[in-house]
Amino acid sequence: MVGMDLEATITFPGGKRVDADLYGRSIPTDQPAAVGGEGTAPEPFALFAASIGTCAGFYVLSFCQARGLPAEGLALRQRLRFDGPKLVAVELDVVLPPGFPDRYREALLRAAEGCKVKKAIEAQPRFVVRTLPAERAA
């Protein structure tokens, strides 16, 4: 994706569901029943939160696989910290399996830091929200 634009089509299949069509895949979201949804899929913020941990997890797993290190017992724990409604910190703990070689610990953390989702958030992109007449939206 470096140097490329990413475009998604957002659709409204019914109820409180909002789906994103991206790379030929549909990513469904819904709201919990408590707020009028059916709870058939994660809500958008849950996907946002999961994207951080799964992205870092991919980099951690790739690091281990490239070095023939066992991934059994390896895990990430993620905490999102809030000050009122404002997200103020994302904490990721890499839980090492028994016997994980100490010499790889710092390098493993650097691998997790390579997460593209983390980098995108840190870059603080500008958001542009606008309306388009139906004939221009096609």
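Side notes on the structure shown:
- Residue ID - nearest to Leu92 (Cα to Cα), chosen from residues in segment 1-59 that are hydrophobic (A, V, I, L, M, F, W, C) and touching a Phe, Trp or Tyr at 6+ places or on another chain (Cβ under 9 Å): Leu6
- Pairs are defined by a Cβ separation below 8 Å, a sequence spacing of at least 6 or placement on different chains, a first member in segment 13-25 that is farther than 17 Å from Phe45 by Cα, and a second member that is in a strand (DSSP E or B) and acidic (Asp, Glu); the pairs so defined are Pro13/Asp19.
- Evaluation of Ala71 against the conditions (1) touching a Ser or Thr at 6+ places or on another chain (Cβ under 6 Å); (2) surrounded by fewer than 16 Cβ atoms within 10 Å (Cβ to Cβ) shows that the sole unmet condition is (1).
- Residue within segment 44-63 that is surrounded by 10 or more Cβ atoms within 10 Å (Cβ to Cβ) and more than 22 Å from the chain's Cα centre (by Cα) present: no
- From the list Ala89, Ala107, Ala134, the lone residue that is over 16 Å from Ser51 (Cα atoms) and open to solvent by less than 80 Å² (accessible area, probe 1.4 Å) is Ala107.
- Qualifying residue in segment 31-39 (condition: at negative phi, at pLDDT below 95, of a type in the set (Asp, Glu) and open to solvent by 80 Å² or more (accessible area, probe 1.4 Å)): no
The values are calculated or read from the model by the stated rules, or taken from the named source; none is laboratory data. Since the model is a prediction, treat every value here as computed from it, not as a measurement. Glycine gets a Cβ as well: all are built from the backbone with ideal geometry, and neighbour counts include every protein chain shown. With ligands, DNA and RNA removed, areas are computed over all heavy atoms of the protein, side chains included. Shrake-Rupley method; radii C 1.70, N 1.55, O 1.52, S 1.80 Å.
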